[in-house]
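Working notes, structure below.
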Amino acid sequence: MPYLTPTGTPRRTGGAEQLGFGVPGYAHPLLAPTEWAELTRPGTPLHWAVLNIDDGPGARPDPHCLEAAGRLRNARERAVRGATPRDSARGAGGRLLGHLDLAFGSRAFGELIADAQSFLDWYRVDGFYLGRCPAGRAELPAVRRLTSTLATLLEHDEGGDERGLLVLGPGTHPHPGYAEAADQVVTFCGPWADYRWSQVAEWTAAYPPERFAHFVHGVPRTHLEEAMRIARWQGAGTIFFTDRDRQHGQTDPFAALPSYWDEIVSRIGPGISE
């Protein structure tokens, strides 16, 4: 079973943990209205979804994105108001994150902060997804500086007591220090052929499942249960699995719903909005 943690690392005894969805970024709401509507369906176990207009907030507010953001925000507020005390840990579901493209550390700090401020001003996002995040030790200080500044922007922008959410998207296991630079890290993003043989980094065992996310494309319907078992065993609390892949003209397999969306929703279980 090659996807297990290496010998000597405490195994994840998952199964009881509540998985939920992180959506890396659907297509524009005008092109993917069904996808965006599904995010607000009562019972969908959504942790967060990424809004990405043009590798960022775009040049100006987009009316279609404004509408989608408002619907998700309203659904979240209804869900949180209706949550029972035992659902409090899941009350963070349904957040909208603005996409910031770090270009593996090559983008200027000022550009990223300007994009973040536009997301806050135009779409009232609940946090940020840092796409193409670097993973090396040398880039860690710059990422820490960025996430610290973003956290301050979110604190000043929010009217309530809830913290903004910061998710790093290196798509692989980064240097362990990245785990302390944000709320969650995407430690796998790739095809099912690689995921089913993957191993988790030993240092992740020191953190709870809500600190990690896995995005996997090309997952056959017949292997959904195995894929979820791998995610739980490797300690990921947030997932997005799809049978779409990069073949047949599909440049972004995460831009649309998987064909088995209803089935995977039912397998994971209802979210707080039920």
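Condition check ((1) at pLDDT below 95; (2) under 16 Å from the mean Cα position of the chain (by Cα); (3) open to solvent by less than 30 Å² (accessible area, probe 1.4 Å)) across all residues:
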| site | (1), (2), (3) |
| --- | --- |
| 22 | no, yes, yes |
| 25 | yes, yes, yes |
| 29 | no, no, yes |
| 36 | no, yes, yes |
| 43 | yes, no, yes |
| 50 | no, yes, yes |
| 57 | no, no, yes |
| 70 | no, no, yes |
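Examine the range 119-132 for a residue that is touching a residue at least 12 places away in the same chain (Cβ under 8 Å), in contact with a His (Cβ under 7 Å, 6 or more places away or on another chain) and closer than 23 Å to residue 97 by Cβ, and state whether such a residue exists. Checked the range 119-132: at least one residue is touching a residue at least 12 places away in the same chain (Cβ under 8 Å), in contact with a His (Cβ under 7 Å, 6 or more places away or on another chain) and closer than 23 Å to residue 97 by Cβ. Residues that are open to solvent by less than 30 Å² (accessible area, probe 1.4 Å) and over 19 Å from residue 213 (Cα atoms) within the range 141-176 comprise 146, 150, 154, listed in sequence order.
The number of residues in the range 103-154 that are assigned to a strand (DSSP E or B) and out of contact with any helix residue (DSSP H, G or I) (no Cβ under 6 Å at 6 or more places or on another chain) comes to 4.
Taking the range 72-106 as the range and being modelled with pLDDT of 90 or more and open to solvent by 60 Å² or more (accessible area, probe 1.4 Å) as the test, the residues that pass are 74, 104, 106.
Test residue 227 against the criterion of being in a helix (DSSP H, G or I), over 16 Å from the mean Cα position of the chain (by Cα) and modelled with pLDDT of 95 or more, and give yes or no. Considered against the rule, which asks whether it is in a helix (DSSP H, G or I), over 16 Å from the mean Cα position of the chain (by Cα) and modelled with pLDDT of 95 or more, residue 227 comes out as yes.
The values are calculated or read from the model by the stated rules, or taken from the named source; none is laboratory data. Quantities reported herein were computed from a predicted structural model and do not represent experimental measurements. Ideal geometry is used to build each Cβ from the backbone, glycine not excepted, and the neighbour counts take in all protein chains shown. Heads up: the accessible areas ignore ligands, DNA and RNA and are worked out on the full protein's heavy atoms, side chains in. Shrake-Rupley method; radii C 1.70, N 1.55, O 1.52, S 1.80 Å.
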